[in-house]
Structure formats: structure tokens, C-alpha cells
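The values are calculated or read from the model by the stated rules, or taken from the named source; none is laboratory data. Fair warning: this is a prediction, and the values are worked out from it, not measured in the lab. No Cβ is skipped: glycine too gets one built from the backbone with ideal geometry, and neighbour counts run over all protein chains shown.
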Amino acid sequence: MDSLLAMERRRLGKSGLAVSEIGMGTMTFGSQTDKQTAFRIMDTAYDHGVNFFDAAEMYPVPPKEETFGVTEEIVGEWLKTKPRESVIVATKITGPGHGWFVPPVRHGLTALDRRQVISAVEHSLSRLQTDYIDLYQTHWPDHWMRYEDTLDALTDLIQAGKIRVIGSSNETCWGVMRSLWDAEKHGLRRYDTVQNNFSLINRRCESELAQVCRREQVSLIPYSPLGGGALTGKYNASQYPDDARFTAYLRQGHERQKQMATRFVNERSLEVVRRCSEIAKELGMSVTTLATAWSKQHDFVGSTLIGASRLDQLDETLKAADVRLDSETLRKIDEIEAEIPNSLQEDGLRWL
């Protein structure tokens with residue numbers, strides 16, 4: 001299969017980057033997924049037309065000091081097996097460590113200032129074994145510091161040719177607008193993307209953030225389109241699979257991980273999954289394919305990031321590349337949201 005022609009592409013914001021409508025997330029590479037399996041997953045995605053691969057300096061998850069940067073190293077080794085210009089590589093700088101989460105990075109004293117931005121980019125370039133990063137993102141924002149300080153450093157890195165386009169992640173509507181305002185005010189480069197949680201069990205992006213993205217030409221890059229795995233249908237009220245992430249969080253995780261598991265997998269979210277599964281069955285597809293197709297069909301979405309810790313998990317998500325849901329199917333899905341709104345109880349943004 002010709003990977004250059006096999007999948008529709010979309011522009012990221014106002015930038016020149018055009019990415020496949022389905023992108024490959026890599027956050028389990030180096031923890032749940034060994035290097036050999038990760039290579040097979042990335043090869044398969046690439047052969048199906050995926051040209052967009054998203055990492056972060058803090059990956060793999062769960063983040064640990066001893067595994068910091070391992071995912072970028074794996075992606076970097078794989079990248080050497082492909083023509084560099086055929087792959088759009090995204091990665092992220094860790095957000096501030098004085099808020100909701102203290103990351104096991106730089107002794108927990110992470111920041112989005114010039115010193116750390118430049119250092120983080122240089123280390124990511126080294127691990128990725130490349131001389132430029134296509135899309136560089138802030139993993140989460142610092143709403144108490146000046147946006148222009150971060151944007152100023154990122155602008156200099158763009159001018160130096162070390163990164164091409166910049167974006168944010170886990171950002172609020174206010175944060176996106178503030179960043180755009182500061183970029184315009186100070187003559188700096190703007191964020192062209194925002195990577196947020198978005199799925200059939202978390203449709204908050206369709207309201208205020210969608211309006212921002214459309215009016216300001218910022219592309220949403222949805223992560224977790226399967227709701228952390230809930231939209232595969234593998235969880236049910238009576239039993240959680242032993243090898244599932246949220247099962248491990250509930251049994252062995254710390255308090256924050258347990259809270260995350262119950263946000264994604266709860267009575268209301270499982271009912272949404274059950275009803276969506278019925279719609280998918282009527283269409284002759286899996287709920288995994290349905291959920292991925294639904295995400296990529298939004299006009300403000302650039303690329304929907306899928307994930308996989310095993311090769312076989314790609315089958316149903318990649319099928320969504322050829323699926324476009326009709327208006328009647330979308331109406332049925334909307335009816336579920338109207339009856340069970342915001343089944344993901346909390347997406348964490350209000351704590352930023």
C-alpha cells in the first residue's frame with residue numbers, strides 16, 4: 001500500500017503542515033509496549049497512510065523518572081527507517097510542576113520558560129535522532145505565567161529551524177484565546193493546534209472550544225477518542241479485564257489514578273458505550289470503529305490520535321479511515337448525548 005496516498009490529509013491550523021486524518025499516539029511505547037512491538041505498530045500505521053506520530057518527553061505512561069524519554073528514543077530509532085520528510089513528528093514539553101501534578105522530570109521543577117523550553121527541545125531532538133520537530137506542544141499550560149514568555153522562546157526555535165509549528169495540549173478555551181491574543185500583540189508565532197481529550201463520552205470540545213477552533217483556525221487534535229479504552233466495549237458493569245489500564249489504576253494506582261479510572265468508567269459512561277455499540281452493530285462495524293470515525297468527522301479536527309499497546313488493536317481503529325457516518329447515525333448518537341450528557345464526569349481542565 002502506498003502510504004503517501006492511502007489516507008485523507010488535513011491542514012493543521014494556518015500552518016503548512018498537512019497530516020493524516022488519523023494519527024498515531026505513542027504513550028505506551030516503552031512501558032506496556034516493548035520496542036519490537038512498537039516498531040510493528042508504527043510500521044502498520046505508516047503502511048496504512050498514517051504520517052502523523054505524536055510523542056512527549058514525559059512518555060511512556062505512567063510517567064516515571066527511570067523511563068522518562070524512552071518513548072521518544074523508540075520513535076527516534078523507528079524514524080531512521082523511514083524517509084524523514086514522509087513523517088510528521090510531534091512531541092511535547094512537560095507542563096509546570098507546581099500545580100495539579102508534579103512530574104518526575106527535572107526534579108519536579110518543570111516550567112515553560114525560555115531556559116527549560118530550549119533545553120527540552122534540544123533533548124527531544126537528540127532522543128528523536130532528528131534535527132527538527134514538526135509540531136512542538138506544551139503538554140499542559142501554566143495559566144499563572146506570561147504566555148508571551150513561552151511563545152517568545154518557541155518563536156526563536158522556529159526561526160532557528162528546530163521546530164516548524166507549535167501547539168498546546170490540555171488547554172482551556174480561555175487559554176487558547178489568551179495565547180492567540182498575546183501572539184498577535186507581541187508579534188510572535190501562534191499555536192496552530194490544541195490537543196485535548198475528546199470522545200463520545202467526553203463531548204465538551206463541541207461547545208466553546210469548537211467555536212474557538214473554527215473562528216481562529218486552530219485545529220483540534222483529539223486524544224483518547226476511545227475514552228481511555230472504554231469505547232472498545234471491553235469494560236462492563238460486572239467485570240473489568242485484568243490487562244486493562246483502568247483495572248490496574250483501580251487495583252494498584254494512587255488516588256489520582258483511581259479518580260481518573262472512575263471518570264472514564266462509570267455507570268453513565270458504560271451506558272453510553274452500550275447504546276453506541278448497538279448503533280455500531282446495526283452498521284456492521286465495531287464500536288471502536290464508530291468512535292474513531294465520529295471523532296475524525298468533525299470539521300474543526302485536524303487529526304484524531306489513536307493508540308495501541310498491541311498490534312491487533314490497530315485493526316478496528318484504522319478501518320475508520322474509510323468510514324463516513326451519515327446524518328441519521330449522527331442523529332442517533334446525538335440523542336444519546338442529550339439523554340446522558342457529559343458522561344465523563346470530569347476532564348480535569350477546570351483544575352488548571
- request: State all residues of the stretch 212-264 that are closer than 21 Å to CYS173 by Cα and hydroxyl-bearing (Ser, Thr, Tyr); if no residue qualifies, say none.
  value: SER219, TYR223, SER224
- prompt: Does the stretch 177-199 contain at least one residue that is in a loop (DSSP other than H, G, I, E, B), closer than 23 Å to THR292 by Cβ, over 11 Å from the mean Cα position of the chain (by Cα) and of a type outside the set (Val, Ile, Thr)?
  reply: no
task: With the condition kept exactly as written, say whether any residue in the stretch 246-269 is more than 23 Å from PRO62 (Cβ to Cβ) and either acidic (Asp, Glu) or at pLDDT 90 or above (or both).
output: yes
query: Does PRO141 satisfy being within 17 Å of the chain's Cα centre (by Cα), surrounded by fewer than 19 Cβ atoms within 10 Å (Cβ to Cβ) and either modelled with pLDDT of 95 or more or not in a helix (DSSP H, G or I) (or both)?
result: no
message: Quick test of your reading of the structure: ARG251 fulfils all but one of (1) in a loop (DSSP other than H, G, I, E, B); (2) without any contact (Cβ under 8 Å) to a residue 12 or more places away in the chain. Name the failing condition by number.
response: (1)
task: Considering only residues that are in contact (Cβ under 8 Å) with a residue 12 or more places away in the chain and hydrophobic (A, V, I, L, M, F, W, C), look in the stretch 275-291 and name the one that is nearest to ARG324 (Cα to Cα).
output: LEU290
statement: Filtering the stretch 301-345 down to residues that are exposed (fewer than 14 other Cβ atoms within 10 Å of the Cβ) and under 20 Å from ASN196 (Cα atoms) yields PRO341
field: In the stretch 212-228, residue nearest to ILE279 (Cα to Cα) [restricted to those that are in a helix (DSSP H, G or I) and touching a residue at least 24 places away in the same chain (Cβ under 8 Å)]
entry: GLY227
message: Restricting to the stretch 10-36, give me the number of residues that are over 17 Å from the mean Cα position of the chain (by Cα) and closer than 18 Å to TRP78 by Cα.
response: 7
task: Inspect the stretch 261-271 for any residue being without any contact (Cβ under 8 Å) to a residue 60 or more places away in the chain and within 21 Å of LEU305 (Cβ to Cβ) and give the result as yes or no.
output: yes
task: Go through the residues of the stretch 88-106 one by one and say whether even a single one is outside any helix (DSSP H, G or I), among the charged types (D, E, K, R) and out of contact with any strand residue (DSSP E or B) (no Cβ under 9 Å at 6 or more places or on another chain).
output: no
field: Cβ-Cβ under 6 Å pairs, at least 6 apart or on other chains, the stretch 69-85 side more than 19 Å from SER119 (Cα to Cα), far side of a type in the set (Lys, Arg)
entry: ILE74/LYS35
- request: Any residue in the stretch 158-177 that's within 10 Å of THR193 (Cα to Cα) and in contact (Cβ under 8 Å) with a residue 40 or more places away in the chain: show its pairings with residues that are surrounded by fewer than 23 Cβ atoms within 10 Å (Cβ to Cβ) and small (Gly, Ala, Ser) at Cβ separation under 7 Å, as long as the two are six or more apart or on different chains.
  value: VAL165/SER15
statement: Of the residues in the stretch 112-129, those that are of a type in the set (Asp, Glu) and in a helix (DSSP H, G or I) come to GLU122
message: The conditions are (1) of a type outside the set (Gly, Ala, Ser); (2) free of Cβ contacts under 8 Å to residues at least 24 places away in the same chain; (3) in contact with a strand residue (DSSP E or B) (Cβ under 7 Å, 6 or more places away or on another chain), and PHE246 fails exactly one of them. Which is it?
response: (3)
query: Which ranges mark the helices (runs of 4 or more DSSP H) fully within the stretch 267-352 that have 1 or more residues being over 19 Å from GLY229 (Cα atoms), over 17 Å from the mean Cα position of the chain (by Cα) and of a type in the set (D, E, K, R)?
result: 267-283, 327-339
- request: Take the residues in the stretch 59-77 that are charged (D, E, K, R) and assigned to a helix (DSSP H, G or I), then tell me which one is surrounded by the most Cβ atoms within 10 Å (Cβ to Cβ).
  value: GLU72
- request: Test THR329 against the criterion of being farther than 23 Å from MET27 by Cβ and of a type in the set (Val, Ile, Thr), and give yes or no.
  value: yes
- request: Identify, by number, the condition in (1) in contact with a Cys (Cβ under 9 Å, 6 or more places away or on another chain); (2) at pLDDT 95 or above; (3) not small (Gly, Ala, Ser) that GLU216 doesn't meet.
  value: (1)
